[in-house]
Amino acid sequence: MFDEILEKFEGSPGQQAVIRLLLERGFSVNAEGRVVSGDIEIPYTQIAQEAGVDRRVVDSTTDAILADDDLTRIFRNISQIPSLMDLAPVLDLTVITIAVNDADESGIVAQVTSLVADYDISIRQTISEDPEFTDEPRLYLVTDEDLPGDLVTDLMNLAFVRSVELS
């Protein structure tokens, strides 16, 4: 899906940068062509600065989104999810970051969460990066507890796991 969206902006690296930013941050485009998070409008100058483009590139990108039915459906309905990962140190939570060999493999989240549950550890949040949106997708788990060493070892021994990081 991500590649198909970027293909629509094949001739414009600037517009592709804007599209990547909108998708990564979960920003929507409203009916008036404004970039929003919920009902909060985000100025084009700020989007442009973050994407490394001119403000007019943001304007032309939102115009292109509204001119394409498929893109309009996607960008009118996208939203972001609050993450506990940045709050983990403040709230005394543990973040488990798992990198895998092949993120397209089925059952990764199920196997990892089942293993954590086997150790009777409650998961507060699970975030799985989409392999189409990032080059090295990761699985993040936020828990209330520190992990026992045996669990970390068991996670590392899963065939699809490349690395496990705790923070």
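Tabulated values for the structure
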{"quantity": "Karplus-derived 3J(HN,Hα), 6.51/-1.76/1.60, for each residue of the stretch 145-151, Hz, glycine and proline x", "calculated": "10, 6, 8, x, x, 4, 5"}
{"quantity": "Listed peptides 14-23, 109-118, 92-101 by packing density, highest first (mean Cβ within 10 Å)", "calculated": "14-23, 92-101, 109-118"}
{"quantity": "Accessible-area ranking of 154, 68, 86, largest first, probe 1.4 Å", "calculated": "86, 154, 68"}
{"quantity": "Computed over the chain: relative contact order in percent, which uses C-alpha pairs under 8 Å that are six or more apart", "calculated": "21 percent"}
{"quantity": "Accessible area expressed per residue, the stretch 2-68, with surrounding protein chains retained (probe 1.4 Å, Å²)", "calculated": "54 Å²"}
{"quantity": "Area accessible to solvent at residue 158, 1.4 Å probe radius, in Å²", "calculated": "30 Å²"}
{"quantity": "Estimated vicinal HN-Hα couplings, Hz - the stretch 39-54 in sequence order (Karplus 6.51, -1.76, 1.60; Gly, Pro = x)", "calculated": "9, 8, 7, 10, x, 4, 4, 6, 4, 4, 4, 5, 7, x, 9, 7"}
{"quantity": "Portion, in percent, of the accessible area of the chain that falls on carbon or sulfur, probe 1.4 Å", "calculated": "44 percent"}
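The values are calculated or read from the model by the stated rules, or taken from the named source; none is laboratory data. If you're wondering where the values come from, they're calculated on a predicted model, not measured in any experiment. Glycine also receives a Cβ, built like all others from the backbone with ideal geometry; neighbour counts cover every protein chain displayed. Quick note on the areas: whole protein, heavy atoms, side chains included, nothing else; ligands and nucleic acids left out. Shrake-Rupley method; radii C 1.70, N 1.55, O 1.52, S 1.80 Å.
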